[in-house]
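K.L.:
The following block contains the structure, expressed as structure tokens.
The values are calculated or read from the model by the stated rules, or taken from the named source; none is laboratory data. Source: prediction; values computed, not measured. Cβ: placed from backbone, ideal geometry, glycine included. Neighbour counts: every protein chain shown.
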């Protein structure tokens with residue numbers, strides 16, 4: 001019964017938002033929480049990366065809360081159609097996955113910390129699905145923007161696969177590529193969970209398997225940061241306070 005309710009809610013939300021206007025971001029848009037422009041040029045101490053881990057609403061909130069994250073935005077990547085709309089992506093015909101673009105300050109947080117949140121916040125073994133959301137647009141993915149990021153992602157996958165194997169999970173299906181084009185999603189999707197009347201929906205299903213370490217890792221965040229994330233909740237794991245977590 002509970003599964004059917006989740007499936008009904010998922011289908012309802014997709015139908016509701018696929019009927020929204022398809023206007024893309026053209027003007028200056030400020031991040032609701034972090035107060036930075038979504039399309040601002042990167043500074044010398046900043047990098048960007050794309051993460052796909054199910055519905056991008058909840059995933060984005062998980063990343064904007066981390067200390068050192070400068071900006072987040074949701075969008076589409078990994079497909080064959082230029083500048084697709086949400087309605088088009090939802091058909092599964094464009095080949096895109098829903099992703100979160102994360103920009104971070106390298107002096108405060110490392111890619112290692114971002115990878116820890118990525119691997120732990122969802123189940124990367126589910127293929128074209130995450131929880132009750134089914135379709136290629138919900139596949140797990142990491143799209144890097146330079147060779148070092150790519151190498152780190154590969155090494156982290158190897159490490160987490162060992163941990164998953166030890167806990168009875170199957171093979172990781174996460175797609176890892178570099179230099180993949182990112183398209184900003186419509187403005188009403190940006191920081192969706194902060195909007196009045198938003199539905200606190202998240203399909204991610206964490207495995208509860210801890211991501212520990214990998215060759216080349218350089219964790220910078222205090223371990224106490226991770227106490228703000230509760231992986232024991234099967235769904236909607238990223239609900240809670242919208243404000244960023246303060247570094248200790």
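K.L.:
Could you figure out which of (1) surrounded by fewer than 24 Cβ atoms within 10 Å (Cβ to Cβ); (2) at pLDDT below 95 isn't true of residue 145?
P.N.:
The number of the failed condition is (2).
K.L.:
Among the listed residues 107, 60, 47, identify the single one that is closer than 23 Å to residue 222 by Cβ, surrounded by fewer than 24 Cβ atoms within 10 Å (Cβ to Cβ), touching a helix residue (DSSP H, G or I) at 6+ places or on another chain (Cβ under 9 Å) and in contact (Cβ under 8 Å) with a residue 24 or more places away in the chain.
P.N.:
47
K.L.:
Follow-up question, since we're still on this one. For residue 132, indicate whether it is surrounded by fewer than 24 Cβ atoms within 10 Å (Cβ to Cβ) and at pLDDT below 95.
P.N.:
Here the answer is yes, as residue 132 does meet what is asked.
K.L.:
Here is a follow-up. Filter the range 91-114 down to the residues that are under 17 Å from the mean Cα position of the chain (by Cα) and within 25 Å of residue 194 (Cβ to Cβ) and list them by number.
P.N.:
Selection gives 96, 97, 98, 99, 100, 101, 102, 103, 104, 109, 113, 114.
K.L.:
If you take just the strands (runs of 3 or more DSSP E) that sit entirely in the range 115-229, which of them hold at least 3 residues that are under 30 Å from residue 40 (Cβ atoms) and touching a residue at least 40 places away in the same chain (Cβ under 8 Å)?
P.N.:
141-144, 182-184
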